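Take a look at the structure set out below.
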Amino acid sequence: MILLATAAVLLVAANVALWLWRGERAVAVPEPVPSPAAVAQDENVARDLQAIAPPDVRAAPLPPPVPTDAAILSGPPASPAAPSDPSSPRLIVPVAGIAYAQLSDTFGDARGDERRHEALDIMAAAGTPVLAVADGTIEKLFDSERGGLTIYQFEPGGRYAYYYAHLQDYAPGLAEGATVRQGQVIGHVGSTGNADPAAPHLHFAIFRLGPERRWWEGEPVNPYPLLGDTPVR
């Protein structure tokens, strides 16, 4: 009887142990909770990936700039210009020491009953150096009744002529066919021709040349906006 009772107790104990073991396995194991350091690291990685990722839409390339009249008139620069500055160099004021703010637009002023001035008068003391507004070639040195001592300069492309009149004299050594650089002294302010001796000045004009490139002919172009920051019209 004792042996039977002992066997019964052992059987019951075995069943209880088996039931407890199965219950422990049925309990779900919780997911690990990430630490604050791990979360910060994941955010940094995501931010870095976003920074180096190529954009979905790329900007279309800008079209090349269209050359302005000012750039054409000025000819090639005296020194290499930055590609980002297509308008450089501009025409300079052709009288030494005169700023653009001191100029007045006299292009449309009347001269007699049937003609306009079609030039820019730059007032300055007699003997003030006259400067080449841009690179180019001396096409003609001429002494006329109205203009007095004059210079006709062609820009390198031969499309435009620069006209300097009422000069006191020419710069030493200046000759027809000579190449000049922007800012080079080519003469001095005077009052020759029909200019008032009491009001010496430079009469400066620009002409758009025809196919024949005749220095005495051409379509007048207003120099005033080309010497400053006013847009060309």
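Within segment 117-127, does at least one residue satisfy the condition of being open to solvent by 60 Å² or more (accessible area, probe 1.4 Å), in a strand (DSSP E or B), farther than 23 Å from ARG90 by Cα and at pLDDT 95 or above? Checked segment 117-127: no residue is open to solvent by 60 Å² or more (accessible area, probe 1.4 Å), in a strand (DSSP E or B), farther than 23 Å from ARG90 by Cα and at pLDDT 95 or above.
Of everything listed in (1) of a type outside the set (A, V, I, L, M); (2) over 16 Å from PRO200 (Cα atoms); (3) buried (at least 19 other Cβ atoms within 10 Å of the Cβ); (4) at pLDDT 95 or above, the single unmet condition for THR137 is (3). LEU91 meets the stated requirement of being modelled with pLDDT under 95, closer than 21 Å to ARG208 by Cβ, assigned to a loop (DSSP other than H, G, I, E, B) and open to solvent by less than 20 Å² (accessible area, probe 1.4 Å).
Any chance you could count how many residues in segment 206-218 are hydrophobic (A, V, I, L, M, F, W, C) and either surrounded by fewer than 15 Cβ atoms within 10 Å (Cβ to Cβ) or closer than 21 Å to ALA125 by Cβ (or both)? Lay out the reasoning, then the answer.
In the first step, residues of segment 206-218 are kept if they are hydrophobic (A, V, I, L, M, F, W, C); the result is 206-207, 209, 215-216.
When the remaining residues are screened for being either surrounded by fewer than 15 Cβ atoms within 10 Å (Cβ to Cβ) or closer than 21 Å to ALA125 by Cβ (or both), the result is 216.
Here the count works out to 1.
In the condition set (1) loosely packed, with under 13 Cβ neighbours inside 10 Å; (2) touching a Lys or Arg at 6+ places or on another chain (Cβ under 8 Å); (3) β-branched (Val, Ile, Thr), THR179 is compliant with all but (2).
The values are calculated or read from the model by the stated rules, or taken from the named source; none is laboratory data. Fair warning: this is a prediction, and the values are worked out from it, not measured in the lab. Don't worry about glycine lacking a Cβ; one is built from the backbone with ideal geometry, like all the others, and counts go over all protein chains shown. The accessibility values were calculated without ligands, DNA or RNA, using every heavy atom of the protein model including side chains. Shrake-Rupley method; radii C 1.70, N 1.55, O 1.52, S 1.80 Å.
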